[in-house]
Amino acid sequence: MITLRHVTKMYGARAAVDDLTVDVRPGRVTGFLGPNGAGKSTTMRILLGLDRADAGEALINGVRYAELAWPLREVGAALDARSFHPGRTARAHLLGLARSNRIPLRRVDEVLTAVGLESAADQRAGRFSLGMGQRLGIAAALLGDPAVLVFDEPVNGLDPEGVRWVRDLARSLAAEGRTVLLSSHLMSEAQLTADHLVILGRGRLLADAPLAEFVASHASLEDAYLALTADAVEYGAAR
Ligand SMILES: Nc1ncnc2c1ncn2[C@@H]1O[C@H](COP(=O)(O)OP(=O)(O)OP(=O)(O)O)[C@@H](O)[C@H]1O
């Protein structure tokens, strides 16, 4: 369970996240949507202790990230496909994370296999393609067998097989009763993956609803999303 209560983050005079209150519940995939600059990454970074909120609180299973004794065992996150030391091998990266969180080292080979990186385990991660980097990030997120998973644009850079794999993985993690929060700009993919949607615009909550309910009176999620966010797009290209 992820609990956000009145979370606000200012950059100068501007709120990147503006009084955001929402619960992200276990047992379903929650799609986290919103236009460029809406505040999705900032929210995830606050949740994971990488940024500090100016007001409000962000809790994982009732506890702030900074107070988790072994964070990787509570919450797994894949935020940035390049968040590893480029000179380290995939295996060394994961072994370091496992040791620092007292996770059994056999988990490293398990997650390398789960993400399809076993044959690349001893390559330097700096040489990985974008998609391989995504897979390594997801391996790190799964390492501690956490009940809460946060994925920021996880299919970015993945090939079609990888896109389907992430979709099936997210759905199976939710089916196991875990909390899965997944941001995406791909409405077709979100429609296939998410059970529930949380949509931001200019840092504010625009929708918190089951996918089926949100899409109900539109032809597709894309149509429903574009109608909802039309006034919240800041960086739209000229038509
Ligand atoms: N370190 C920072 N300094 C100043 N402004 C920032 C910083 N990080 C984010 N912002 C601003 O906060 C707002 C929200 O950005 P954020 O990256 O959270 O949006 P997002 O929804 O993840 O966007 P995208 O879909 O483009 O990744 C934007 O206006 C952005 O310019």
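For region 90-135, residues that are under 20 Å from the mean Cα position of the chain (by Cα) and closer than 22 Å to ALA174 by Cβ total 6. When GLU161, GLU176 are checked against the criterion of being at pLDDT below 95 and away from the ligand (no atom under 16 Å from the Cβ), GLU161 stands alone in meeting it. Condition check for SER217 on (1) polar (S, T, N, Q); (2) modelled with pLDDT under 95; (3) within 22 Å of LEU47 (Cα to Cα): one failure, at (3). Evaluation of GLY62 against the conditions (1) surrounded by 18 or more Cβ atoms within 10 Å (Cβ to Cβ); (2) farther than 30 Å from THR229 by Cβ shows that the sole unmet condition is (1).
Scanning region 39-56 for residues that are more than 13 Å from ALA15 (Cβ to Cβ) and part of a helix (DSSP H, G or I) yields a count of 5. Selection of region 59-79 for residues being touching a helix residue (DSSP H, G or I) at 6+ places or on another chain (Cβ under 7 Å) and assigned to a loop (DSSP other than H, G, I, E, B) yields ASN61, LEU68, LEU79. Against the criterion of being assigned to a strand (DSSP E or B), crowded, with 21+ Cβ neighbours inside 10 Å and aliphatic (A, V, I, L, M), ALA16 qualifies. Only one of the numbered conditions (1) of a type in the set (S, T, N, Q); (2) under 30 Å from ALA121 (Cβ atoms); (3) in a loop (DSSP other than H, G, I, E, B) is not met by ASN36, and that is (2).
In region 136-158, of all residues being over 11 Å from the mean Cα position of the chain (by Cα) and within 16 Å of the ligand (Cβ to nearest atom), the one that is modelled with the highest pLDDT corresponds to ASN156.
Considering the conditions (1) in contact with a Leu (Cβ under 8 Å, 6 or more places away or on another chain); (2) part of a helix (DSSP H, G or I); (3) not aliphatic (A, V, I, L, M), THR21 is excluded by exactly one of them, (2).
Residue-by-condition table, conditions (1) buried (at least 16 other Cβ atoms within 10 Å of the Cβ); (2) within 15 Å of the chain's Cα centre (by Cα); (3) more than 7 Å from the ligand (Cβ to nearest atom); (4) of a type in the set (A, V, I, L, M):
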{"site": "MET10", "(1), (2), (3), (4)": "no, no, yes, yes"}
{"site": "VAL29", "(1), (2), (3), (4)": "yes, yes, yes, yes"}
{"site": "LEU33", "(1), (2), (3), (4)": "yes, yes, yes, yes"}
{"site": "ASN36", "(1), (2), (3), (4)": "no, no, no, no"}
{"site": "GLY39", "(1), (2), (3), (4)": "yes, yes, no, no"}
{"site": "THR42", "(1), (2), (3), (4)": "yes, yes, no, no"}
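Looking at this structure, is ALA55 within 12 Å of the ligand (Cβ to nearest atom), touching a residue at least 24 places away in the same chain (Cβ under 8 Å) and not β-branched (Val, Ile, Thr)? Here the answer is no, as ALA55 does not meet what is asked.
Could you go through region 72-80 and let me know if any residue there is touching a residue at least 60 places away in the same chain (Cβ under 8 Å), more than 15 Å from the chain's Cα centre (by Cα) and either away from the ligand (no atom under 14 Å from the Cβ) or over 23 Å from MET132 (Cα atoms) (or both). Among the residues of region 72-80, at least one is touching a residue at least 60 places away in the same chain (Cβ under 8 Å), more than 15 Å from the chain's Cα centre (by Cα) and either away from the ligand (no atom under 14 Å from the Cβ) or over 23 Å from MET132 (Cα atoms) (or both), which makes the answer yes.
Scanning region 12-27 for residues that are under 17 Å from ALA147 (Cα atoms) and in contact (Cβ under 8 Å) with a residue 60 or more places away in the chain, we see that the one that is farthest from the ligand (Cβ to nearest atom) is GLY27. The residues of region 116-162 that are surrounded by 23 or more Cβ atoms within 10 Å (Cβ to Cβ), without any contact (Cβ under 8 Å) to a residue 40 or more places away in the chain and not basic (Lys, Arg) amount to a single one, VAL155.
Within region 195-239, the only residue that satisfies the criterion of being of a type in the set (Gly, Ala, Ser), surrounded by 19 or more Cβ atoms within 10 Å (Cβ to Cβ) and more than 16 Å from the ligand (Cβ to nearest atom) is ALA224.
The values are calculated or read from the model by the stated rules, or taken from the named source; none is laboratory data. Nothing here was measured: the structure is a model prediction, and the numbers come from that model. Don't worry about glycine lacking a Cβ; one is built from the backbone with ideal geometry, like all the others, and counts go over all protein chains shown.
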